[in-house]
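Below is one structure, written out as structure tokens; comments come after it.
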Amino acid sequence: MADKLVADKHLRYILNLMAEKKKESFESVVMDHLRMNGAYWGLTTLALLDKLGSVSEDEVVSWVMTCQHESGGFAGNTGHDPHVLYTLSAVQILALFDKLNILDVEKVSNYIAGLQNEDGSFSGDIWGEVDTRFSYIAICCLSILKCLDKINVKKAVDYIVSCKNLDGGFGCSPGAESHAGQIFCCVGALAITGNLHRVDKDLLGWWLCERQDYESGGLNGRPEKLPDVCYSWWVLSSLIMIDRVHWIEKAKLVKFILDSQDMDNGGISDRPSYTVDIFHTYFGVAGLSLLEYPGVKTIDPAYALPVHVINRILFTK
Amino acid sequence: MEEVEEEVKRIVEQVKELHDSSTSFVSSSSQEELSLRNRASVVDSSIRRLHSTLASDKHLDPKLFEKLEEDLQRAKCMLADGDTSSFLPSKPQGIDSEEGCFTVLKLFEHVLESDPLIDEVGFIHPSQFNLLDEEAGSSSVYQNELQPNNETSRKFWNQDHKLGISTDILVQLCKDAKHVFLLAFEEYKRHGNACNESQIENFSCSPGTPEIEVMRHSQAVLLLSSDFGTAWNARKLILSKKDQLSAFTEELRLSGLILSNSPKSESTWSHRRWIIKMISQRFSTPQVIITKESELVESIGERSKMNYRAWYHRCWLVSYMAIEQVIQELNKSKRWAGLHVADSSCFHYRRRLMLKILESLYVKGGNAYDKSEARKIWKEELDWNKELVERYVGREALWLHRRFLSLNWIIYFACNDSDVSPEPGESIIMNEEIAIFIDNEIHLLESSMTVLDTKFEDFQAQALHAGVYMLWLTKKMPELWRMVEEKLGTEKVKCVLSTIAQERPSLLHHLVNV
């Protein structure tokens, strides 16, 4: 039973991961295609704990740039193919370090805008897979780069709304099962484009608050599933964006997240007593930020970046 | 005087002799050197030829292959190190001259090519090899002949078209496979599928064209790391230039094999959708492929419960189905659903099918689906759901399914007789048919509130789900709550409210608006 956030342990856990050059475990070898996402999770957590200065900015930024493809998009690692998933993480990382100015904004934004389809949806890359996650990525990324006007926003929004289900939730495409992760993406995209009025907030709030497990206080991602720390982010940020966060029991959720920490070695896992990983460490800390846990900086629920970073972007130029 | 002359004569002779000796030495040693160079060159190309021969011999026993590969590799290393290296021809940089011995990778790829019918792959701890041997009832004939049954040397297990990969070698194998794949892909992107000169001499593109190398290495790496998108993309790039259906169906086989070990791999499911799109664009949309995809998801769903990626894929298929196939799917998948009542994704799939039926009611041009048929299907689903709800007490998935069924029944079948699709958000006007329906639902709520044994969580869950279900319907039809109060009476209503208040207090505020 934990009663506090062991921030120092998490800091050490993350720094060790980032310094790990040899990559001997099967998990790290198998995950190296999404290193860009991993870097975003690790660095944003550091930023939320006010420890971003512990890493070498130059090293990180120059590595990020080696992942840029000639098309303008970014890959998950050097020499791999580009995809919007990694492009957003790359832009977010540069935003954390206030280094967006090194980007050829025209190039990156053209890559993303070029992936919008006739019906307003977005493909993840040139191979055409459509998913509302990619709609969120496009809108979030272009908003940070201040060129949302490069896409057809109205059509993008209409497509997202067409993915709304009877239960008030959203799936990856029209008719797909409601899923907390997809809901975060759709609500986030609608929030950024000023279209939250298209959401039935009571109905969606209902679906979201039903994610909380009465006993453990944790949140799941959809019905009949076990609670998982990462949904502390997706469900919570969605609730905050639609003004219904008071519909869940916050104290219980805080306890669930704290209990999922590895108190000795740092890191957070998907639920108490399981193995930690960087993904859940980030979502746990981000969730605590949304729950206004002391010692954690405020995170923006739509952009998934610290508020001071977003303010810096929105109020310059 | 004569002494000096003699001495000079002698020196001149000596120099001549020395010159002759030197020349003859140089000549013979350069011949020797030439001979050594020739021998080195012949041996070097023989080794490469033998590598190729080994790689292309699909009938060679894997253990013999491994031994021969190792022998060849040792020979190659001896050639490359020490004194012989000075006589080797210089080679351009390429995969063969990489310092790593990719023996295990080559063995892996050889095993894959020698058994094209492999339908299941898994990662197993080396200690399990013997157990698998016992279960399969035999061990390889060659084992005792070539090497002792030494656990440390067993890397792959292949019997009955199943392939096990030892977890001991996974990390290095995965790294090697990625490395080799990326080099091959670079080569392919730079030079296209041009055959190397040596292959042109052979008249055919033997194993080793850039395209074949990319396909071979990407297959290996994807079996180990199925979400490595770049490898799937390489295959898409090559496949998009093919015009035989068989190339695409073969790709379905490979991705199916990968799903046997990684059923949640998003990239693999995405790749399958790309293949089906290509097939339907270039050839046609054979209904049998769609049917098989649907069956594949069901079989994967058996081992991987509520697998979002798998069930999403099944929902995606619905857009390729004609209404007759939709109805067939609804019927065929009913049995499985009844055996997996906690699998909410499975019930969502049924909702997806039923939504398609609703859509088809309003298709223009005389092709609209018969409404009375649809109504029958809907009523059947409602009755079946009621049976399940009563039999499997406290199952959230079933009650959620009922929310969808009831609301749509009210909107589409109990009050809408027009040919025009109801508007979303249109308010529902009470009529007799709806009232009868609601009456039955209240009755169901009442029986669900009877908590037979307070010790069992399931009965409490049943009461909660039933109460929340009714509350949810009330959101769409505010007057519904008044009917509930009238029929159940104050005491029972209080009971319903307190059950909800225990776990979902925030939902009760909805009643304030009623």
statement: With A:Pro227 itself left out, Lys, Arg at +1 and Asp, Glu at -1 over residues whose Cβ is under 10 Å from its Cβ give -1
message: Can you list the residues in segment B:275-312 whose accessible area drops by at least 10 Å² when all protein chains are present, compared with the chain alone? Use a 1.4 Å probe, heavy atoms only.
response: B:Lys277, B:Met306, B:Tyr308, B:Arg309, B:Tyr312
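Rounded to the nearest 500 deg cm²/dmol, what is the calculated helix-only ellipticity per residue at 222 nm for the protein assembly as shown, with -39500 (n - 2.57) per DSSP H run of length n ≥ 4? Walk me through the intermediate numbers first.
Numbers: 37 runs with 495 residues, N = 831.
Mean residue ellipticity at 222 nm (helix-derived): -19000 deg cm²/dmol.
Hey, with R₀ at 41 Å, roughly what FRET efficiency would B:Asp419 and B:Gln281 work out to, going by the Cβ-Cβ distance, to 0.05? Before the final figure, lay out each step's value.
Details: r = 34 Å, r/R0 = 0.83.
The calculated FRET efficiency here is 0.75.
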field: Accessible area of B:Val42 in the full protein assembly, 1.4 Å probe (Å², nearest 10)
entry: 90
message: Going by Cα centres, segment B:371-450 and segment B:1-71 are how many Å apart?
response: 92
task: Can you tell me the FRET efficiency between B:Lys292 and A:Phe26 if r is taken as the Cβ-Cβ distance and R0 is 25 Å, rounded to the nearest 0.05?
output: 0.20
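What shape does chain A have by the C-alpha gyration tensor, where a ≥ b ≥ c are the square roots of the eigenvalues, rounded means a/c under 1.5, and otherwise prolate means a/b greater than b/c and oblate the rest? Working shown, then result.
On the way: a/c = 1.61, a/b = 1.06, b/c = 1.52.
Verdict is oblate for chain A.
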message: Nearest 10 degrees is fine. How inclined is helix B:245-261 to the longest principal axis of chain B, computing both from alpha carbons?
response: 80
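Quick check for me: using +1 on Lys/Arg Cβ and -1 on Asp/Glu Cβ, what's the dipole size of segment A:7-315 about its Cα centre, in debye to the nearest 20? Write out the running numbers ahead of the final one.
Working: 27 positive and 39 negative charges, 110 e Å.
So the magnitude is around 520 debye.
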- prompt: Percent of accessible area on segment B:2-87 owned by carbon and sulfur, 1.4 Å probe?
  reply: 57
- request: May I ask which of A:Lys4/A:Lys297; A:Lys9/A:Lys250; B:Lys364/B:Lys476 have a Cα-Cα span longer than 21 Å here?
  value: A:Lys9/A:Lys250; B:Lys364/B:Lys476
message: Taking the alpha-carbon distance from B:Lys58 and a cut-off under 27 Å, which lysines remain once sequence neighbours fewer than 8 residues away in the same chain are dropped?
response: B:Lys67, B:Lys76, B:Lys106, B:Lys155, B:Lys162, B:Lys175, B:Lys178, B:Lys236, B:Lys241, B:Lys242
- request: Would you check the accessible area of A:Glu24, probe 1.4 Å, heavy atoms only, in square angstrom rounded to 10?
  value: 100
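Using DSSP to call loops (not H, G, I, E or B), can you name the chymotrypsin sites (Phe, Trp or Tyr not before Pro) in segment A:152-257 whose Cβ has at most 13 other Cβ atoms within 10 angstrom? Don't skip to the answer; put the middle values down first.
On the way: sites: A:Tyr159, A:Phe170, A:Phe184, A:Trp206, A:Trp207, A:Tyr214, A:Tyr231, A:Trp233, A:Trp234, A:Trp247, A:Phe256; in loops: A:Tyr214.
Within segment A:152-257, the qualifying chymotrypsin sites (Phe, Trp or Tyr not before Pro) (loop, at most 13 other Cβ atoms within 10 Å) are A:Tyr214.
Using a Förster distance of 45 Å, how high is the FRET efficiency between A:Asp243 and B:Lys386, based on the Cβ-Cβ distance and rounded to 0.05? Don't jump to the answer; show the numbers that get you there.
Details: r = 37 Å, r/R0 = 0.82.
My answer for the efficiency is 0.75.
Filter the GluC sites (Glu not before Pro) in segment A:191-241 down to the DSSP loop ones having no more than 11 other Cβ atoms within 10 Å, then list what survives.
On the way: sites: A:Glu210, A:Glu215, A:Glu224; in loops: A:Glu210, A:Glu215, A:Glu224.
Within segment A:191-241, the qualifying GluC sites (Glu not before Pro) (loop, at most 11 other Cβ atoms within 10 Å) are A:Glu215.
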message: Using a Cα-Cα cut-off of under 26 Å, which lysines could be cross-linked to A:Lys150, ignoring same-chain neighbours fewer than 8 residues away?
response: A:Lys99, A:Lys107, A:Lys164, A:Lys317
- line: By the C-alpha gyration tensor axes a ≥ b ≥ c (rounded if a/c is under 1.5, else prolate when a/b exceeds b/c, else oblate), the shape of the protein assembly as shown is prolate
query: Points 7 angstrom from Cα along the Cβ direction at B:Arg303 and A:Glu70: gap in nanometres?
result: 4.1
- prompt: Once you put a point 7 Å from the Cα of B:His191 and another 7 Å from the Cα of B:Thr103, both along the Cβ direction, what distance in nm separates them?
  reply: 2.8
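Nearest 100 Å² is fine: what is the total accessible surface buried where chains A and B meet, probe 1.4 Å?
Working: alone 14180 and 28640 Å², together 38500 Å².
Looking at A and B, the buried total is near 4300 Å².
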- prompt: Which lysines, on any chain, are close to B:Lys332 with Cα under 20 Å apart, when same-chain ones fewer than 8 places away are left out?
  reply: B:Lys292, B:Lys305, B:Lys356, B:Lys376, B:Lys379, B:Lys386
- line: Relative contact order as a percentage, chain B, C-alpha pairs under 8 Å and 6+ apart, gives 7
Charged-residue dipole, Cβ positions (Lys, Arg, Asp, Glu), chain B about Cα centre, Debye nearest 20: 2640
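Can you give me the relative contact order of segment A:7-315 as a percent, contacts being Cα pairs under 8 Å and 6 or more apart? Walk me through the numbers on the way to the answer.
Details: 506 pairs, mean separation 52.5, N = 309.
Averaging sequence separation for qualifying contacts and normalising by length gives 17 percent for segment A:7-315.
Could you give the dipole magnitude of the protein assembly as shown about its Cα centre, charging the beta-carbon of Lys and Arg +1 and that of Asp and Glu -1, in debye to the nearest 20?
Working: 91 positive and 119 negative charges, 609 e Å.
In debye, rounded to 20, the protein assembly as shown gives about 2920.
Rounded if a/c is under 1.5, else prolate if a/b beats b/c, else oblate: with a ≥ b ≥ c from the C-alpha gyration tensor eigenvalues square-rooted, which is segment B:265-344?
Working: a/c = 2.61, a/b = 1.33, b/c = 1.97.
Oblate, since a/c reaches 1.5 and b/c is not below a/b.
Show me the GluC sites (Glu not before Pro) within segment B:393-433 that DSSP assigns to loop and that have at most 14 other Cβ atoms within 10 Å of their Cβ. Could you put the intermediate results ahead of the total?
Working: sites: B:Glu396, B:Glu426, B:Glu432, B:Glu433; in loops: B:Glu426.
Within segment B:393-433, the qualifying GluC sites (Glu not before Pro) (loop, at most 14 other Cβ atoms within 10 Å) are B:Glu426.
What is the extension gain from B:Asp57 to B:Val43, computed as 0.36 nm multiplied by their sequence separation minus the C-alpha to C-alpha distance, in nm to one decimal?
Working: separation 14, 0.36 × 14 = 5.04 nm, distance 2.06 nm.
Gain on stretching B:Asp57 to B:Val43: 3.0 nm.
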Once exposed loop trypsin sites (Lys or Arg not before Pro) are cut out (DSSP; at most 12 other Cβ, 10 Å), longest piece of chain B: B:59-240
query: Considering the dipole of the protein assembly as shown built from charges on the beta carbon (Lys and Arg +1, Asp and Glu -1) around the Cα centre, which of A:Cys147, B:Phe156, B:Ile279 is farthest to its positive end?
result: A:Cys147
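For the protein assembly as shown, what is the accessible area per residue in Å², given a 1.4 Å probe and the full set of protein chains? Walk me through the numbers on the way to the answer.
Details: 38500 Å² over 831 residues.
Heavy-atom SASA per residue in the protein assembly as shown reads 46 Å².
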query: Taking Cα centroids, how far is segment A:37-102 from segment A:251-296 in Å?
result: 23
- prompt: A:Asn311 versus B:Lys371, label points 7 Å from Cα toward the beta carbon: distance in nm?
  reply: 5.9
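The values are calculated or read from the model by the stated rules, or taken from the named source; none is laboratory data. Here the structure is a predicted model, which means the values were calculated and not measured. Cβ: placed from backbone, ideal geometry, glycine included. Neighbour counts: every protein chain shown. Side chains included, ligands, DNA and RNA excluded: accessible areas come from the protein's heavy atoms. Shrake-Rupley method; radii C 1.70, N 1.55, O 1.52, S 1.80 Å.
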